[in-house]
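Nothing in this text is a laboratory measurement; each read-out follows from the coordinates by a stated rule. Computed from a prediction, not measured in an experiment: that's the story for all the values here. Positions of Cβ are backbone-derived with ideal geometry, glycine not excepted, and every protein chain shown enters the neighbour counts.
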Amino acid sequence: MTLLKGNGDFRSEECIELLKQSDIVVTNPPFSLFREYISQLIEYKKHFLIIGNINAITYKEIFQLIKNEEIWGGYIFNKTLEFEIPKSYKGEYKDGKKYGKVPSITWFTNLETSKRSKELILYKKYNEKEYPTYYKFDAINIKKVADIPYDYFGLMGVPITFLDCYNPNQFQIIGLGAGDLGRSIGIGENYSDLELKQFKKMNPAFRRGIPFYFDENEKLVVPYARIIIKRRNINEN
């Protein structure tokens, strides 16, 4: 083992030189610098397996890489991981040792995995009542990945946990229902100024670019960030 001369910053010349020599990078980068770190790995064309928070999927830069099939989820997806920590830290004791928990942990990688070719089994039948259509955006809302209907081939908004079972031969990722990315695929582009004011009053979570729908009680429902997908035609490939 050779100690670094500098402070270990991945952006330093010393660390970049080490990166150039590597074949596969496996690490836990600072979550606050996740975008920048991924960009560096892509720039130097490295294979990698790194830890991040599941919400990194919603970062514009990261999502574009996912959509372009340059990165995807690994075998650990949206899990709570435990780490042994010093007794002076805040945590929980177990078997005489102290542990800290980090929720929503996901492996991100560009190494091929067998689950990327595993087909998601669909069993539910589409019906209008259970699958509401978004307001002024022709896609249906899917509450759980397991609820994706087997007989629907239009646009669908699914939870970001969909990435855990995403098979690019079975589904196509159209976009992300969040902010500018949502607006780029037409979500929220046809709202009047009056509608914008009304929607914000009805639900403080409302934002342009985020798909929403009205439930049976005319309540405005804003789901958490949705990946907009479409089933691939079986003859497409």
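For the reader, a short list of remarks on this structure follows.
- The label-point distance for residue 121 and residue 26, in a model that sets each label 7 Å from Cα toward Cβ, rounds to 3.1 nm.
- Directionally averaged projected area (convex hull, Cα atoms, the range 166-237), nm²: 6.1
- Taking a ≥ b ≥ c as the square roots of the eigenvalues of the alpha-carbon gyration tensor, the range 96-237 is classed oblate because a/c is 1.5 or more while a/b is no larger than b/c.
- Multiplying the residue separation of residue 129 and residue 174 by 0.36 nm and removing their Cα-Cα distance gives an extension gain of 13.8 nm.
- For the chain, the relative contact order is 15 percent, taking Cα pairs closer than 8 Å that sit 6 or more residues apart in sequence and dividing their mean separation by the residue count.
- Value of relative contact order over the range 118-231, rounded to a whole percent, pairs C-alpha under 8 Å and six or more apart: 32
- From phi via Karplus (6.51, -1.76, 1.60), per-residue ³J(HN,Hα) for the range 59-65 in Hz, x at Gly/Pro: 5, 3, 5, 6, 4, 4, 5
- A simple rule links phi to the HN-Hα coupling: the Karplus curve 6.51 cos²θ - 1.76 cosθ + 1.60 with θ = phi - 60°, which for the range 74-90 gives x, 6, 9, 9, 6, 10, 9, 9, 10, 10, 6, 10, x, 5, 7, 7, 7 Hz, with x for Gly and Pro.
- For the range 13-114, the relative contact order works out to 29 percent when only alpha carbon pairs closer than 8 Å and six or more residues apart are counted.
- Packing, as the average of other Cβ atoms within 10 Å across residues, places the peptides 103-116, 3-16 in the order 103-116, 3-16, highest first.
- Within straight-line cross-link reach of residue 136, aspartates and glutamates at Cα separation under 18 Å, skipping those fewer than 8 residues along the same chain: 128, 180, 189, 193, 195, 215, 216, 218
- Estimated 222 nm signal from helices in the chain, with DSSP H stretches of n ≥ 4 weighted -39500 (n - 2.57), rounded to 500: -5000 deg cm²/dmol
- Available extension along the chain between residue 219 and residue 69 is 50.3 nm, counting 0.36 nm per residue and deducting the alpha carbon span.
- Above-threshold pairs, the threshold being 19 Å between Cα atoms, out of 20/115; 46/79; 125/230; 124/144: 20/115; 46/79
- If you take the alpha carbon atoms of the chain and fit the smallest convex hull around them, that volume is 199 Å³ per residue.
- Whole-Hz Karplus values for the range 151-168 come out as 10, 10, 10, x, 6, 9, x, 10, x, 5, 5, 4, 4, 5, 10, 6, 10, x Hz, taken residue by residue from phi with 6.51 cos²θ - 1.76 cosθ + 1.60 and θ = phi - 60°; glycine and proline positions read x.
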